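> Could you have a look at this structure, given as structure tokens, before my questions?
Here, each number is a calculation from the coordinates, and none is a lab measurement. Predicted model only: the values in this text are computed from it and were never measured. All Cβ positions, glycine included, derive from the backbone under ideal geometry; neighbour counts span all protein chains shown.
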């Protein structure tokens, strides 16, 4: 499994924050039901995907809760 370069990790932290904010906003505006579905975004440079966890109240989400995977379904931390 590959490790992050410092630049990748910083970029992913920003992407994690963005996905978290969008998921919370979608719930607050009624675009999705409580704890149903997931939100994700892919970093074009690394190919990593940031995904919201399943069955977690979006109001309680933090960037640390986001799951990071590559296109081969390997988890990255």
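> Between residue 21 and residue 51, what is the label-to-label distance in nm when each label sits 7 Å out along the Cα-to-Cβ direction?
The modelled label-to-label distance comes out at 2.4 nm.
> For the residue pair residue 59 and residue 42, what label-to-label distance in nm results when each label sits 7 Å from Cα along the Cα-to-beta-carbon direction?
3.4 nm
> Only Cα pairs under 8 Å and at least 6 apart count here; give the relative contact order of the chain as a rounded whole percent.
With pairs under 8 Å counted, the relative contact order is 31 percent.
> Computed from these coordinates, which is Rg/Rh (Cα atoms, Kirkwood Rh): (i) 1.02; (ii) 0.98; (iii) 1.26?
It is the value labelled (ii).
> Something else now. Using the per-residue mean of other Cβ atoms lying within 10 Å as a proxy for protection, in what order, highest first, do the peptides 33-39, 48-54 fall?
Descending packing order for the listed peptides: 48-54, 33-39.
> By how many degrees, 0 to 90 and rounded to 10, does the Cα axis of helix 6-28 deviate from the longest principal axis of the chain?
The helix 6-28 is inclined about 10 degrees to the chain.
> Another question, then. Give me 58, 25, 64 ranked fewest to most by other Cβ atoms within 10 Å of their Cβ, as a rough exposure proxy.
The order, fewest Cβ neighbours first, is 64, 25, 58.
> Can you tell me the length gained on complete extension of the stretch residue 34 to residue 73, counting 0.36 nm per residue apart and subtracting the Cα distance?
Additional length available on full extension: 11.4 nm.
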